[in-house]
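Novice: I have a structure I would like to understand better, so I am pasting it below and will then ask my questions one at a time.
The values are calculated or read from the model by the stated rules, or taken from the named source; none is laboratory data. Keep in mind that what you see is a predicted model, and the values were worked out from it rather than measured. Positions of Cβ are backbone-derived with ideal geometry, glycine not excepted, and every protein chain shown enters the neighbour counts.
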Amino acid sequence: MTRKVAILGSTGSIGCSALEVVRAHPDRLAVVALAAGRNRDRLREQCEAFRPRLVSVATDEDAIWLKGQLSFQPEIVFGAEGLMACALHGDADTVLAAVVGAIGLPSTEAALRAGKRVCVANKESLVVGGALMRRALEAGGGELLPVDSEHAALHQLLAGRATADIAELRLTASGGPFRDWPLEKIRAATKSEALNHPTWKMGPKITIDSATLMNKGLEVIEASVLFGLGADRIAVTVHPQSQVHAMVGFADGTYQLQVCANDMKLPIQYCLLHPDKVPGPVPPYDWEASRAWTFEAPDLARFPLLGLAFDALRAGGTAPAILNAANEVAVAFFLEGRLGFWDIQACVRETLNAVPSEPMLDLPQVLDADRRARAFAETWASA
Ligand SMILES: NC(=O)c1ccc[n+]([C@@H]2O[C@H](COP(=O)([O-])OP(=O)(O)OC[C@H]3O[C@@H](n4cnc5c(N)ncnc54)[C@H](OP(=O)(O)O)[C@@H]3O)[C@@H](O)[C@H]2O)c1
């Protein structure tokens, strides 16, 4: 069977890796729709290479430009409606949700509701709308598979296991570029230092989230949504080599670990081809290479956003949406040079203190909480 795939965020780090996976499996995977933001040159190349039926760009102007550039005539749409059209394309049985930020929430939710296999890289949509995503999955009767390497690892480790057997889920974190920096140095970290991730090459937002450890905090919430365990049964271990991606601790005191190269093409292929395990674009793990693995506890004093994420998960309701919105605003301000590195955690903390959380009801309410948190964070960050 050939899976027909819509890729949302095709021009990003995950989107490009996903297209390499598609290229490696021409008999199993075909591209039906591509959605991107502003990188129209890269999108044009992708369109020529993969010939999708539907393409979405950010603006009307980019749509007209792309139409004039292509040697064939796909349908070209734009904006939030265009992104949604790609998520819901009738010929696509599989959607890779790989846009960055909570902007991806409505399209991820709609694809789940439509009963598709939804491979979710866009962790923000699970963090912000967790319970709603599960509801959409149940209503649609499709599949939700996690692309995040830690969660893809857990999905494999947990296959066929009863919840009662499980003591804890343990996510590994590289620790980011500031893992062994003293607090005073972290407080004054620059943008180029924060963008210099030691083990993963990723888009700018997640790279900053890795430097603050907010990425791991978002992943803790994501794991809770995906696997139905609370904050007291999810833990984080710093593992700078990024070769062990997650661990499951069982009730008898034993652990199982998942090991593979730190290459996102592996979890992407896992999701797209699930349950098949076939050779792909990443060579087998090299056990002959000599290497040492180390593990240590995260330091919440130097990386307070990880603690705030645990707090938001415990608070529940719209608290994770507020946490995420404030973080998106603060990271954008930091990348624009308008906030310092240490201000990111202060902005998130202040927003969580100022914007009350509520039990989660529906999508409009969650999007409203997201809007209110963004408004507060923007005002705080601009002051
Ligand atoms: N990179 C990784 O290794 C990695 C690992 C695990 C999870 N993730 C998660 O995967 C998601 C994507 O990360 P990334 O690193 O691939 O980010 P990225 O490189 O910044 O790519 C983001 C993609 O989203 C597109 N986009 C942004 N706003 C959009 C909009 N309004 N409508 C349509 N498309 C839009 C961008 O388009 P343009 O570039 O054309 O503007 C780009 O294609 C994030 O949620 C991240 O946390 C990433």
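Novice: Any residue in segment 119-138 that is assigned to a loop (DSSP other than H, G, I, E, B) and in contact with a strand residue (DSSP E or B) (Cβ under 9 Å, 6 or more places away or on another chain)?
Specialist: yes
Novice: Looking only at residues in segment 211-233 that are near the ligand (Cβ under 9 Å from one of its atoms) and in contact with a strand residue (DSSP E or B) (Cβ under 9 Å, 6 or more places away or on another chain), which one is farthest from Arg179 (Cα to Cα)?
Specialist: Of everything passing the filter in segment 211-233, Glu219 is farthest from Arg179 (Cα to Cα).
Novice: Going by what's in this entry, would Ala173 be described as among the small types (Gly, Ala, Ser) and in contact with a helix residue (DSSP H, G or I) (Cβ under 6 Å, 6 or more places away or on another chain)?
Specialist: For Ala173, the condition - among the small types (Gly, Ala, Ser) and in contact with a helix residue (DSSP H, G or I) (Cβ under 6 Å, 6 or more places away or on another chain) - is met.
Novice: Would you confirm, using the coordinates I've provided, whether Pro106 is surrounded by fewer than 24 Cβ atoms within 10 Å (Cβ to Cβ) and within 11 Å of the ligand (Cβ to nearest atom)?
Specialist: Spelling it out, Pro106 is indeed surrounded by fewer than 24 Cβ atoms within 10 Å (Cβ to Cβ) and within 11 Å of the ligand (Cβ to nearest atom).
Novice: I've got another one for you. Can you list the helices (runs of 4 or more DSSP H) lying wholly within segment 1-97 that have 2 or more residues being modelled with pLDDT of 95 or more, more than 23 Å from Asp263 (Cα to Cα) and more than 9 Å from the ligand (Cβ to nearest atom)?
Specialist: 40-50, 60-69, 79-87
Novice: For the structure I just gave you, tell me whether Arg42 is in contact with a His (Cβ under 8 Å, 6 or more places away or on another chain) and within 30 Å of Met1 (Cβ to Cβ).
Specialist: No, not satisfied.
Novice: Looking at Met247 and the list (1) over 30 Å from Ser10 (Cβ atoms); (2) within 16 Å of the ligand (Cβ to nearest atom), which single condition is not satisfied?
Specialist: All conditions pass for Met247, except number (2).
Novice: Taking helices (runs of 4 or more DSSP H) that do not extend beyond segment 273-356, which have at least 1 residues that are in contact with a Leu (Cβ under 9 Å, 6 or more places away or on another chain) and basic (Lys, Arg)?
Specialist: Output list reads 341-354.
Novice: Same structure again: Looking only at segment 43-62, decide whether some residue is surrounded by 15 or more Cβ atoms within 10 Å (Cβ to Cβ), over 20 Å from Cys16 (Cβ atoms), assigned by TED's automatic domain parsing to the domain that holds Val22 and of a type in the set (A, V, I, L, M).
Specialist: Scanning segment 43-62 turns up no residue that is surrounded by 15 or more Cβ atoms within 10 Å (Cβ to Cβ), over 20 Å from Cys16 (Cβ atoms), assigned by TED's automatic domain parsing to the domain that holds Val22 and of a type in the set (A, V, I, L, M).
Novice: Report yes if some residue within segment 261-283 is under 28 Å from Met214 (Cβ atoms), of a type in the set (Gly, Ala, Ser), out of contact with any strand residue (DSSP E or B) (no Cβ under 8 Å at 6 or more places or on another chain) and surrounded by 20 or more Cβ atoms within 10 Å (Cβ to Cβ); otherwise report no.
Specialist: Within segment 261-283, not a single residue is under 28 Å from Met214 (Cβ atoms), of a type in the set (Gly, Ala, Ser), out of contact with any strand residue (DSSP E or B) (no Cβ under 8 Å at 6 or more places or on another chain) and surrounded by 20 or more Cβ atoms within 10 Å (Cβ to Cβ).
This table checks each residue for (1) surrounded by 23 or more Cβ atoms within 10 Å (Cβ to Cβ); (2) of a type in the set (Ser, Thr, Tyr); (3) more than 23 Å from the chain's Cα centre (by Cα); (4) not assigned by TED's automatic domain parsing to the domain that holds Pro177.
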| residue | (1), (2), (3), (4) |
| --- | --- |
| Glu296 | no, no, yes, no |
| Pro304 | no, no, no, no |
| Val331 | yes, no, no, yes |
| Ile344 | yes, no, no, yes |
| Glu358 | no, no, yes, yes |
